[in-house]
Amino acid sequence: LIRPLNRLVDRGPRDEGDEVDNEALMGYNIHHTRAWLLFRDKQSYEDGEIIELKAWVVPRSAAKPEGLKYSLVYIGANGRRILDYDNAEGKGHHRHVGDEETPFEFEGLEALRLRFLDEVSRLRGRPQ
């Protein structure tokens, strides 16, 4: 279910007006006005917990200098957020653990995906 990212991310940030190679998206894209879905994966565990990973290619801007918008979230069986990495408007790259929010250094989507999945495994008590 959770797949490695494709080469689109490795080509660097996108500027407004850039063409997106839909074949490079390998079937993950859904064209929106100014954003292209890069991936969306959701996994539900037997105990009711959920992880969901989403990312879009967006025009590069001051708020999104990498040309990416993303959210990687781990939700408990009670519906409360346990862990979340996102770059919501005006906040930059940040991490939520429960109700605590802290910034983090973004090193690319693939590195973030691996970090997130590792943290989820540790939080669930199941190291990878």
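The values are calculated or read from the model by the stated rules, or taken from the named source; none is laboratory data. Bear in mind that the values here come from a model prediction, so they are computed numbers and not experimental data. Ligands, DNA and RNA are excluded from the accessible area calculation, which covers all protein heavy atoms including side chains. Shrake-Rupley method; radii C 1.70, N 1.55, O 1.52, S 1.80 Å.
Counting only heavy atoms of protein chains, what accessible area per residue, in Å², does the range 88-128 have with a probe of 1.4 Å?
Value for the range 88-128: 65 Å² per residue.
Taking θ as phi - 60° and the Karplus parameters 6.51, -1.76 and 1.60, the scalar couplings of the range 65-82 work out to x, 7, x, 9, 10, 8, 8, 10, 10, 10, 10, x, 4, 7, x, 8, 5, 9 Hz in sequence order, x denoting glycine and proline.
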